[in-house]
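See below for the structure under consideration.
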């Protein structure tokens, strides 16, 4: 029987909980249930108060406290693998130096595009943007204040990346990059990371649900996720203000207040005629209630204007046989086949969401049932625990054997 490696799992949480936190929680739950010895280590970003602002540059460059914490944990628990899901910004790249200094193997899962873009989304002025990546310089990001809408913060973050590039942190201190979509892989390879250091592994769900008949669903649409500009929230709300169809929005983020203002204005306009807003905002609901929304909605809408990674909301929806209507992008084409298990629509030069909704609603219930079944089948093929188990065996156990056999990590590429 093969001995399971011990793992230090590191995650730096953002101010607003998102899909990354869900992925990390599920991965930790599975690893523990499968008998892996896992030590979780969490860092938390703080609001930019006076103390945070004072420590901010130092934490971005090299957090000494994080370095010593990781080094001690690896030594104390004889950790073999340090798997980082997010180091930004309080953990800092110092965690990779600590892991290697203590003799552990290092892995980094890319959940976004932070290594190539100051805001992590490759998004600017309501459009996808790859300028800093194309120019191999963060000058444009500094000029546009892409990080925290601050020239100073953007300059500090760019300088920290330059610092670690000179130190070869990302090329020498990370043994394996775990990517969740082809775009991330392409960016890494074009940045000089060897193919053998790139490992492809999809997100997954621990719990699954049976596909339901479309005729049992209700007549409302659903959005679940972060409420921010790059997610296309303004496009979504404006489209449903125009079409008047029922929409439930679940999530939190910078545009939560704007959404509530739109709903309030609509209620004031319609109150004279005794009508209520067709848009309902739900800030946070239990997972059981969210599952019920997935099971009962007509479709999930994903209006994102950025490249997305591999959104858990799409996977969760497909696990319930829910049809997804998403803004077209290369990554979404990898998760949704247009008119086979969902719908894709163009957002440029004009937003085609309402046109696609009309096409969707014109389909018969038999056709929608077929779409729903196909969405559930895609989930079963790609995002269940079985696929995840196979990927982790290749990821963790090969790295463990390579290190034990030679004392130095070796690499073997994996295909999904």
Next item on the list: Note the full-extension length gain between residue 280 and residue 196 as 0.36 nm times their separation in residues minus their Cα-Cα distance, in nm to one decimal.
Entry: 25.5 nm
Margin query: Roughly how far apart, in whole Å, are the Cα centres of region 15-37 and region 322-348?
Written below: 27 Å
Checklist line | Cubic angstrom per residue, convex hull over Cα atoms of region 339-386 | finding: 78 Å³
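Between residue 213 and residue 17, what is 0.36 nm times their sequence separation minus the Cα-Cα distance? Round to one decimal in nm.
Details: separation 196, 0.36 × 196 = 70.56 nm, distance 3.19 nm.
Result for the pair: 67.4 nm of gain on full extension.
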Notebook entry, point to check: How do the peptides 91-98, 191-198, 21-28 rank, highest first, by the average count of neighbouring beta carbon atoms within 10 Å per residue?
Noted result: 91-98, 21-28, 191-198
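Given contacts defined as C-alpha pairs under 8 Å and at least six residues apart, what's the relative contact order of region 214-382, whole-number percent?
Numbers: 264 pairs, mean separation 38.9, N = 169.
Relative contact order, region 214-382: 23 percent.
State the volume of the convex hull built on the alpha-carbon positions of region 61-152, expressed per residue in Å³ and rounded to an integer.
Numbers: hull volume 9.3 nm³, N = 92.
Enclosed volume per residue, from the Cα hull, is 101 Å³.
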Notebook entry, point to check: If you look at just the Cα atoms of the chain, how large are its Rg and its Dmax in Å?
Noted result: 22.3, 77
Notebook entry, point to check: Using the alpha-carbon atoms, what tilt in degrees (0 to 90, nearest 10) does helix 256-271 show relative to the longest principal axis of the chain?
Noted result: 10 degrees
Check: Any idea how far apart residue 136 and residue 393 come out in nm if each label point goes 7 Å out from Cα toward Cβ?
Finding: 4.1 nm
Margin query: Pairs of alpha-carbon atoms within less than 8 angstrom and 6+ residues apart define the contacts here; what relative contact order does region 287-357 have, in percent?
Written below: 26 percent
Next item on the list: Measure nothing fancy, just the Cα-based angle from helix 365-382's long axis to the longest principal axis of the chain, in degrees from 0 to 90, nearest 10.
Entry: 0 degrees
Next item on the list: Would you mind computing the Rg to Rh ratio of region 269-357 from its alpha-carbon coordinates, Kirkwood style for Rh?
Entry: 1.02
Checklist line | Of 378, 90, 217, the one that fluctuates the most in a GNM where the chain has Cα springs shorter than 10 Å | finding: 217
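Return the Rg/Rh value of region 214-382, two decimal places, where both radii are evaluated on C-alpha atoms and Rh is the Kirkwood radius.
Numbers: Rg = 15.3 Å, Rh = 16.1 Å.
With Rh from the inverse mean 1/r over Cα pairs, Rg/Rh is 0.95.
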Note to self: Angle check, please: helix 287-296 long axis (alpha carbons) against the longest principal axis of the chain (alpha carbons), in degrees 0 to 90, nearest 10.
What the structure shows: 40 degrees
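Please arrange 58, 379 by counting, for each residue, the other beta carbons lying within 10 Å of its beta carbon, fewest first.
On the way: 58 14, 379 25.
Sorted ascending by nearby Cβ count, the order is 58, 379.
With only alpha-carbon pairs counted, each pair once and no self-pairs, how large is the Kirkwood hydrodynamic radius of region 129-237 in angstroms? Before the final figure, lay out the partial values.
Working: mean 1/r = 0.0556 Å⁻¹.
That comes to 18.0 Å for region 129-237.
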Next item on the list: With an 8 Å cut-off on Cα pairs and a minimum separation of 6 or more residues, tell me the relative contact order of the chain in percent.
Entry: 15 percent
Next item on the list: Can you tell me how much longer the chain between residue 292 and residue 68 gets when fully stretched, taken as 0.36 nm per residue apart minus their C-alpha distance, in nm with one decimal?
Entry: 76.2 nm
Next item on the list: Rank 106, 313, 367 by mean-square fluctuation in a GNM of the chain with C-alpha springs under 10 angstrom and give only the top-ranked residue.
Entry: 367
Check: Based on the mean of other beta carbon atoms within 10 Å per residue, what is the order of 349-358, 260-269, most packed first?
Finding: 349-358, 260-269
Next item on the list: With springs connecting C-alpha atoms under 10 Å apart, model the chain as a Gaussian network and identify which of 329, 337, 150 has the largest mean-square fluctuation.
Entry: 150
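For residue 242 and residue 149, what is the calculated FRET efficiency with R₀ set at 25 Å and r taken between the beta-carbons, to the nearest 0.05?
Efficiency computed from Cβ-Cβ geometry: 0.30.
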Check: Which distance in nm do the two modelled labels at residue 76 and residue 125 give, with both placed 7 Å along the Cα-to-Cβ direction?
Finding: 5.1 nm
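Bear in mind that the values in this text are calculations on the coordinates, not laboratory data. Model, not experiment: these values are computed from the prediction. Every residue, glycine among them, receives a Cβ derived from its backbone with ideal geometry; neighbour counts consider all protein chains shown.
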